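Coordinate-derived values only; no laboratory data. For clarity, every value in this text was computed on a predicted model and none was experimentally measured.
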Amino acid sequence: MIRFLLENGIQTFAVSWRNPTAAHRDWGLDTYVAALDEAVDAAREISDSEDISMMGSCSGGITSSAYFATLGSAAEKKIKNLVLAVCLLDPNSADESTLGCLMTPETMRLAKETSRLRGIVDGHDLARMFAWMRPNDLVWNYWVNNYLLGQDPPAFDVLAWNADMPNMTAGLHADFASLFLENPLPQPGKLTVLGTPIDLAKVDQDAYIVAALTDHITPWEACHRTVGILGGTSRFVLSSSGHIQAIVNPPGNKKLRMHLMRFWLRPRSGREAGGLIGATGCMRARAKRWRLPLRSAARVTRPLVQPRGPTSLTDNLESADQAEAAVIATPGAIEARQVTINGQSLQVAIRRGGGSGPPLLLFNGIGANWELAKPFLEALTSTTAIIFDVPGVGGSPR
């Protein structure tokens, strides 16, 4: 991404954080926000620019937003606009992600105590935690491939990049845990950083917000709520990728789709999505839009709807701005029942589709071979199954 920005004439600086040790256990949110201010001033001095555009990804978006809010009137002199990528400022509903389901007051108390005793949260522990949030893809997939099949894992540059996880200080870990449990960022004045009460509604610079449709760490619906927290004009872009590949994704990926949402300018408590617009391409293809004044964007006049998920997309679009709003529908109800297979009782959940054909099952990942799936399928009647087996492995019919 940095190379792409430089090639398009955008002078770019990146904050490279020191990998902390137990000696830095007391570094908290205040420490990192103060360091951001130093980095911003250094970038302004080197570039001889009065103001800059700031981008924060994931937890970096949290520190960037907190820093932005501490500046007050000085923000207009230092920060021109803000880009937030896969960043969660309002963890309002704990059941929106796997991580949220695990973060109870008791588990967070134990986690904070553990990091306090050690001084840090080891980066390898963080990597393992995120892997277990997607066990089929990031744990059992390699257990089958490496252990059962005896094959070398395929080279995957994104996972290699993701495995380079830095440590987190006990102080910052405790502050992030409190942010999740107490949810102070959407509430003016509830959080104080560097002695300043935080009110993100007063951050009235334009914001470009990117979320990922299949993100298991920062669900896109929760990222979408940032639009109603910030005080300026926001453009929300929904990528079809996951948490990392929404950003680490080079131009030319035909599988990637983007969905742009425009918004009514209303009081922050009443902002909702004004429509869903689909387009092919990637975020980088619209990098130059980061520098455009979003306040000049056309306003949507169609009835407001709550964001749920894209069910239809417009193809062959020259740009997202030329697309019509797609239909947003509520998924069908889930039916659950017990099925006995080889003497073992299993719970089966089915969500009925709207087609006229028989029910359809898609098998993908571990267990996706005919020998394991056959007893399950024989217990279900009038069911069509499609099984994606590992190429060259198993005896699944082709």
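Here are the numbers for the structure shown:
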item	result
Shape parameters for the stretch 21-83, alpha-carbon atoms, Rg then Dmax in Å	12.4, 37
Amide proton proximity set for residue 120, modelled H, under 5 Å, gap of 5+	170
Rg/Rg_globular for the stretch 146-230, with Rg_globular taken as 2.2 N^0.38 Å and Rg from C-alpha atoms	1.56
